[in-house]
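Scroll down for the structure; my scribbles are underneath it.
Nothing in this text is a laboratory measurement; each read-out follows from the coordinates by a stated rule. All values reported here derive from a predicted model rather than from experimental measurement. So basically every Cβ, Gly included, is an ideal-geometry build from the backbone, and we count neighbours across all protein chains shown.
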Amino acid sequence: MLRKAASLSKYGVAAIQLREKQMPAGELLRLALDIRKKVNRKVTKIIVNDRIDIAMLAGLSGVHSVTDGISADYIRKFCRGMISGKSVHSLKEALHAEKAGYDYVLYGPVFRTPAKVKYGKPQGLRKLNEVCS
């Protein structure tokens, strides 16, 4: 994973999102610190899912809040200067996230994926376009 992160950063990838939901805190912190050492932070931001503690301790670029995750208010309060993002699954959720003050939204699923079956059928490109406009 470290080599892949370094390679992605070398080729200009704007952000890497750490989504290791089941990883113990100590292991996730070590991974975040190792990735931070490997990427060009002027090029690539490192964002972690729902873990303000890891973002702060590792000096990451931001925190991504999952569906029922951390509020933008908490991210702003405890992670000053960090990016805040939110997973959304509808235009209504996207508008709510924008109003709440998140810096970006991650909308989906656009296409069918086994990991996102619980959110219903894929939204498709037309609905993605609505959220983006």
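Which entry in (i) -0.31, -0.52, -0.79; (ii) -0.35, -0.56, -0.80; (iii) -0.34, -0.59, -0.87 is this structure's computed log10 I(q)/I(0) by the Debye sum over Cα atoms at q = 0.10, 0.13, 0.16 Å⁻¹?
Label (iii) holds the value from this structure.
Taking the mean number of other Cβ atoms within 10 Å as a proxy for protection, how do you rank 98-105, 115-122 from highest to lowest?
Top of the packing list down: 98-105, 115-122.
Only Cα pairs under 8 Å and at least 6 apart count here; give the relative contact order of the stretch 2-132 as a rounded whole percent.
16
Can you count the Lys pairs in the stretch 8-133 whose Cα atoms are under 21 Å apart, with each pair 8 or more apart or on different chains?
Total qualifying Lys-Lys pairs in the stretch 8-133 comes to 25.
Give me the one-decimal nm value for the distance between modelled label points at ASP73 and SER7, 7 Å along each residue's Cα-to-Cβ direction.
Result for the modelled spin labels: 4.4 nm.
When the helix-only estimate is applied to the chain (DSSP H runs of n ≥ 4, each -39,500 (n - 2.57), divided by the residue count), what is the mean residue ellipticity at 222 nm, nearest 500 deg cm²/dmol?
Calculated at 222 nm, the ellipticity per residue is -12000 deg cm²/dmol.
Considering only DSSP beta bridges with both partners in the stretch 2-132, what is the antiparallel share in %, to the nearest 5?
So the antiparallel bridges amount to about 0 percent of the total.
Can you tell me the FRET efficiency between ALA14 and LYS92 if r is taken as the Cβ-Cβ distance and R0 is 30 Å, rounded to the nearest 0.05? The partial results should precede the final answer.
Details: r = 27 Å, r/R0 = 0.90.
After rounding to 0.05, the efficiency reads 0.65.
Only four residue types carry charge here, +1 at the Cβ of Lys and Arg and -1 at the Cβ of Asp and Glu. Report the dipole size of the chain about the Cα centre in Debye, rounded to the nearest 20.
I would put it at about 440 debye.
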